[in-house]
Amino acid sequence: MAVNFFRYVWRHSRREQLIVLLYVVASLPFYWWSLDVPKRIVNEAIQGSVFAHGEATARLFDYSISLPSFLGGRTYDLSDGVMLQQVPYLFALSMVFLVLTLINGWFKYVINIRKGILGERMLRRLRFELFALVMRFRPEDARTTKSAEVTSMIKDEVEPIGGFFGEAFITPAFLGTQALTAMAFILAQNMWLGTLSLSLIAVQGVVIPYLRREQIRLGRMRQIESRILAGRIGEMVEASPMLHAFGITRFTSSEIGKRLGTLFDIRLRLYRRKFAVKYLNNLLAQLTPFIFYTLGGYLALQGRLDIGQLVAVIAAYRDLPGPIKELIDWDQQRADVTVKYEQVVGAFAKELMLTPDPETVPAPPPPDAPITIVGLRVLSTRGLVQIDRMSAVIDRPGRVALAGPSGSARDILPKVLGRQITDYQGSVTIGGREIGTMSDREASAVMLYVSGEPYIMSGTIRDNLCLAMRRAVPVPEEPKDSIARYWREEALQTDNPIVSPEAEWIDYAGLGLSGADELNTAIIAALRIVRGYDDIFRVGLSSQLGDDLDLPVAERLLAARSAILERYTQLGLSGYVETFQPDHFNTSASIGENLLFGVSIGRRFAPENLAHDPFVRSIIAAEALVGPLTAIGLKMVETVAEAFQGLAADNPLRERYSFIDEAELNELWPQVQVAWQRGQRRQFSPELRDKLISYALMYVEPRHRLNLVDEQLIARVLRARASFREFLPAKDAGEIEFYDTARLMPAASIRDNVLFGRIRYGKAHAREKLLAAATQVLDELGLESFVVSKGLDQEAGPGGRLLSPQQRVTVQLARAMLRRPDILILDDALSSFGSTEAHMIMTNIFEAMAGKTVIAAQSNDDDLGAFDLVLSFEGAKLIGTERRGMRGTEEQRSEPPAVAERSPEEAVK
Amino acid sequence: MTIEDEVRSLQKFRMFKNVESAKLKLLAMISDRVVFQPDEVIYAQGDPSDAVYIVLEGQFKVSLNTANGVIDFAEHVRGALLGEAGVLCDESRMATITAETTVVALRLDREPFLQLLKESEPFNHAVMRELGRQIMELNNICAQLVQRLPKGTPAVDAGRRIGVPVAETAH
């Protein structure tokens, strides 16, 4: 990318610049003409100079061209014109003036638009080039780059450059010619005055830029400070959980305050200088007319200068300051923009960059070509030796363990193999190709590096999984309509990609899939390998059913309800679940849930708000439930007070009764005691009664076991259920979805829809058994992919924030398993899992990668029996190579040749 | 069965002799009442230790899966605490417990159990005493078994486990 701004602009927008220049040149004659016409209107038409000698009419629009003498000296008459009287003459000239003004306006419009479009195109090109450069940073450089700084540079710092792209060549051309013409005119009138004004302008042109140098320096400082500020703010926002945890937000605020203060100071100095220079500029500009009046007037009085000339010079000079000032401003802008441009381009130009993808990808290395490491030496940024002259040959296929203590070379070698460290000495080759200089395309076709850092982007889980497969390069297709054509044209003009992100980027062929339908199966298979399938399935079951269901899917879901119940009966599990039946009380659900008998949409009928809702209370009162419910609430409160006495309010043992708030209880306890003593329940205040009723509505007999639900209560609740449904006002119908055996509930989860009941208390491990059987039935009905889809549609959040750490790593591993690379490098990728889980995942990965190569960093304590080759490391040295034939037997154990020579750097260290 | 009934049952156990009834009530309130049918597995060898069971009624048998077959230790103890060793030592279940008759038990999840041990000193002592009692009984059984061994048999290694995980289907 060109470092010189003008060279960059010229190279990429030559054609457009010349076109606009032509427009500019074409507009000039009209401009002069429009300056000339008013003079003619005043002189000839109004003051009547052409009618001066008593003529009634005068000729207008007569044009003739006279050739200069060396071409013959002939005169051609183009038109004879018309004879007009004074008033029509006036009107004609005025019309001409109007037309000219319109033409000028039109020119201005076209020129400005073209300049603007030119600027925006160049800006798009510049931004894309910068982005492409960032994408080619080596991992070492990418690690030290702050994303907020890069964002600020690409988005904000280049914005003013965009405005200048159009002005770069055109403005000086335009204004320059204007100023030169006026200057020439003055010189033609009087040499002395001309030279005088020329010298004054020269002074302006020299002094002002010199004074502005300081401005440029300050501008550079401001740009850098601004960028750093953006970077720091980005970092602090990223780390805000840590800042809050340690309580150090005030410290960080003071740093931001200081940086803002520095920026303010720079700005202040900039302003002062800028306006000082402006003032000086204006002063110099006004000085010249002063000199003209005094000196020129003196000369005129002396008779050495014609008055007409003086007036003409002054008039011409009045035309000068405009263009000159604008030229000086242009120069200032040029200085600013050039500095900005150089800064930005300089920040993006790194010494070494990743090899760009070649046009034609070379053939991949043969599948059994070994990985050859010769004399590999890796130094950290501070010069510490991380790998000390290691040589080894890793045969493919195979399972390779890199064993050693944490922090030794076993952590560094995977990074070298996985192209995370490209700055090493020695050579690491596959099939003759050096790994450090492979392009992305080449390397990702052969190997994948997976670390504990999952790199999840915002989007759904499915998006994240499919991201790993979008490596096909779609053939750009013919644009279908004018809009598509327009997009393509623009992209071509600015060297942007011409394939839209919505095209088919998924590399089906490379994965051995025939199309999108097989993709789901592949995703499910990959999830099973990394043991993330259950998790996703569970997420899918818990996700809301939603309204937008295909009819066949909805029918199958309804069918699943009865099918699942049948299966439970077959398996003897029917005693584990209590389904919702319209005229039965569900003992495994709370009293409130039995009353409502539906799924609440929105907050109004949510469990915590149920008791306070006026409609619900009216139903309760109508069915004489107030007394019984209050009694239940009271009993619950008494039991809690007795049993949880002395326990802190946030003690986890209170979880079962967490809806009884300790603080509220303490307020109401005296009232309860008084009523207790008096044995009268009617003494309760309305708020106490409400509280007790709200507790009672959360009561579940088998869970709380206070023997408070009897036949009478059940009967009343069932009646209340019916009344609730019957008398619910139509306008509130949207707040609740009633349980209906023949209908699905979009607001409830898939699991609730399909189970349609509650799991009974009193059976251990009921949940797992029931869900396992339900999963099987769903599989048989072909609903598995539907549920898994729902699970995959869960949002991951930026950086995977909405997923648990294990889920994030699972997605990363599943991506790798989807691609099924020839070489899989695991750099501590399973560290977020417990040891048994990690072991099982590893076994699955080995199975899936049979016939391919897996290289994994392991600690010394791990069981290395499953690996074919074990490279042992101690510190930075390779201390042993064990090759095993079958698992468990050791065939060869070899020590590497003793390292005889020690390099001078090491001796110093 | 209500909390009150459960507390009365618990009070009859020797193990809970010194635990006040309020704490027993707390114990009952934070547990789930579970019922196991005859021949139903209460927990299996190798399962994660996620809960402790206090058996209120019924008989159960203990079995261990080894490389040489399944060893049964028939045991009939009421008021027995089941599964506390696995929870306290953070290990997976060492043996399989199967209900012989209908078993009614209180199931206490791991976290609440550990929390209750902190909250109630008598309960803590009760658990420790129960473990101690089990150790003494096992010592007795051990002595009787050693008596039956032929002379010259090598000593047994306490650190060596003969339990073999039952083959599991990976998912």
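Against the conditions (1) within 14 Å of chain A (Cβ to nearest Cβ); (2) modelled with pLDDT under 85, B:Val166 satisfies every one except (1).
Where helices (runs of 4 or more DSSP H) fall wholly inside the range B:79-158, the ranges with 1 or more residues that are over 27 Å from B:Arg33 (Cβ atoms) and open to solvent by less than 60 Å² (accessible area, probe 1.4 Å) are B:121-148. Per the conditions (1) away from every other protein chain (no Cβ under 14 Å); (2) aliphatic (A, V, I, L, M); (3) open to solvent by less than 30 Å² (accessible area, probe 1.4 Å), the sole criterion not satisfied by A:Leu527 is (1). Search the range A:841-868 for residues being open to solvent by less than 10 Å² (accessible area, probe 1.4 Å) and within 14 Å of another protein chain (Cβ to nearest Cβ), and hand back the single one that is farthest from A:Val530 (Cα to Cα). For the range A:841-868, the residue satisfying everything is A:Ile845.
Across the range B:79-87, not a single residue is classified as under 12 Å from the mean Cα position of the chain (by Cα), among the small types (Gly, Ala, Ser) and within 9 Å of another protein chain (Cβ to nearest Cβ). Of all residues in the range A:650-660, those satisfying the criterion of being more than 11 Å from every other protein chain (Cβ to nearest Cβ) and open to solvent by 70 Å² or more (accessible area, probe 1.4 Å) are A:Asp650, A:Ser658. Among the numbered criteria (1) touching a residue at least 24 places away in the same chain (Cβ under 8 Å); (2) under 14 Å from A:Ser694 (Cα atoms), which single criterion is violated by A:Val599? Failing condition for A:Val599: (2).
Taking (1) more than 8 Å from chain A (Cβ to nearest Cβ); (2) surrounded by fewer than 20 Cβ atoms within 10 Å (Cβ to Cβ) in turn, B:Val52 satisfies each apart from (2). Quick check on my filter: what residues within the range A:252-302 are of a type in the set (A, V, I, L, M) and over 39 Å from the mean Cα position of the chain (by Cα)? Answer for the range A:252-302, where residues must be of a type in the set (A, V, I, L, M) and over 39 Å from the mean Cα position of the chain (by Cα): A:Ala276, A:Val277, A:Leu280, A:Leu283, A:Leu284, A:Ala285, A:Leu287, A:Ile291, A:Leu295, A:Leu299, A:Ala300, A:Leu301. Evaluating B:Ile71 against the criteria (1) open to solvent by 20 Å² or more (accessible area, probe 1.4 Å); (2) in contact (Cβ under 8 Å) with a residue 12 or more places away in the chain; (3) in a strand (DSSP E or B); (4) more than 24 Å from A:Glu768 (Cα to Cα) leaves one unmet condition, (2).
Please work out which residue is surrounded by the fewest Cβ atoms within 10 Å (Cβ to Cβ), limiting yourself to the range A:710-754 and to residues that are hydroxyl-bearing (Ser, Thr, Tyr) and over 27 Å from A:Ile632 (Cβ atoms). The extreme case among them is A:Thr741. When the helices (runs of 4 or more DSSP H) confined to the range A:748-831 are screened for residues that are β-branched (Val, Ile, Thr) and touching a residue at least 24 places away in the same chain (Cβ under 8 Å), those reaching at least 3 such residues are found at A:805-819. Within the range A:687-709, the set of residues being within 14 Å of another protein chain (Cβ to nearest Cβ), charged (D, E, K, R) and buried (at least 21 other Cβ atoms within 10 Å of the Cβ) comprises A:Arg705 only. State whether one or more residues within the range A:627-647 are farther than 30 Å from B:Glu4 by Cα, open to solvent by 40 Å² or more (accessible area, probe 1.4 Å) and either part of a helix (DSSP H, G or I) or not β-branched (Val, Ile, Thr) (or both). Within the range A:627-647, not a single residue is farther than 30 Å from B:Glu4 by Cα, open to solvent by 40 Å² or more (accessible area, probe 1.4 Å) and either part of a helix (DSSP H, G or I) or not β-branched (Val, Ile, Thr) (or both). For A:Arg377, the conditions (1) in a loop (DSSP other than H, G, I, E, B); (2) closer than 21 Å to A:Glu140 by Cα are fulfilled apart from (1).
Out of the residues in the range B:1-39 meeting the condition of being open to solvent by less than 30 Å² (accessible area, probe 1.4 Å) and part of a loop (DSSP other than H, G, I, E, B), tell me which one is farthest from the other protein chains (Cβ to nearest Cβ). Ranking the candidates gives B:Phe13 first. Quick one: is A:Arg399 basic (Lys, Arg) and assigned to a loop (DSSP other than H, G, I, E, B)? Answer is no for this residue.
Considering the range A:796-840, the residues that are among the charged types (D, E, K, R) and under 21 Å from the mean Cα position of the chain (by Cα) include one that is surrounded by the fewest Cβ atoms within 10 Å (Cβ to Cβ), namely A:Arg801.
Take the residues in the range A:389-424 that are surrounded by fewer than 20 Cβ atoms within 10 Å (Cβ to Cβ) and over 24 Å from A:Ser444 (Cβ atoms); name whichever of them is farthest from the chain's Cα centre (by Cα). The qualifying residue farthest from the chain's Cα centre (by Cα) is A:Ser391. Take A:Thr195 and decide whether it is farther than 25 Å from A:Gln333 by Cβ, in a helix (DSSP H, G or I), of a type in the set (Val, Ile, Thr) and at pLDDT 75 or above. Against the criterion (farther than 25 Å from A:Gln333 by Cβ, in a helix (DSSP H, G or I), of a type in the set (Val, Ile, Thr) and at pLDDT 75 or above), A:Thr195 qualifies. One residue is enough: does the range A:510-521 have a residue meeting the conditions crowded, with 18+ Cβ neighbours inside 10 Å and within 14 Å of chain B (Cβ to nearest Cβ)? No - not one qualifying residue is present in the range A:510-521.
Listed here are the residues, each with its yes/no results for (1) more than 20 Å from A:Val854 (Cβ to Cβ); (2) modelled with pLDDT under 85; (3) not in a helix (DSSP H, G or I).
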position: A:Pro414; (1), (2), (3): no, no, no
position: A:Gln420; (1), (2), (3): no, no, yes
position: A:Gly426; (1), (2), (3): yes, no, yes
position: A:Thr429; (1), (2), (3): no, no, yes
position: A:Ala443; (1), (2), (3): no, no, no
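Can you find even one residue in the range A:276-284 that is in a helix (DSSP H, G or I), at negative phi, in contact with a Phe, Trp or Tyr (Cβ under 9 Å, 6 or more places away or on another chain) and open to solvent by 70 Å² or more (accessible area, probe 1.4 Å)? Within the range A:276-284, not a single residue is in a helix (DSSP H, G or I), at negative phi, in contact with a Phe, Trp or Tyr (Cβ under 9 Å, 6 or more places away or on another chain) and open to solvent by 70 Å² or more (accessible area, probe 1.4 Å).
The values are calculated or read from the model by the stated rules, or taken from the named source; none is laboratory data. Only a predicted model underlies this, so the values are computations on that prediction, with no experimental measurement involved. A quick note on method: Cβ atoms are made from the backbone with ideal geometry, for glycine too, and the neighbour counts reach across all protein chains shown. Accessible surface areas use protein heavy atoms only, side chains included; no ligands, DNA or RNA. Shrake-Rupley method; radii C 1.70, N 1.55, O 1.52, S 1.80 Å.
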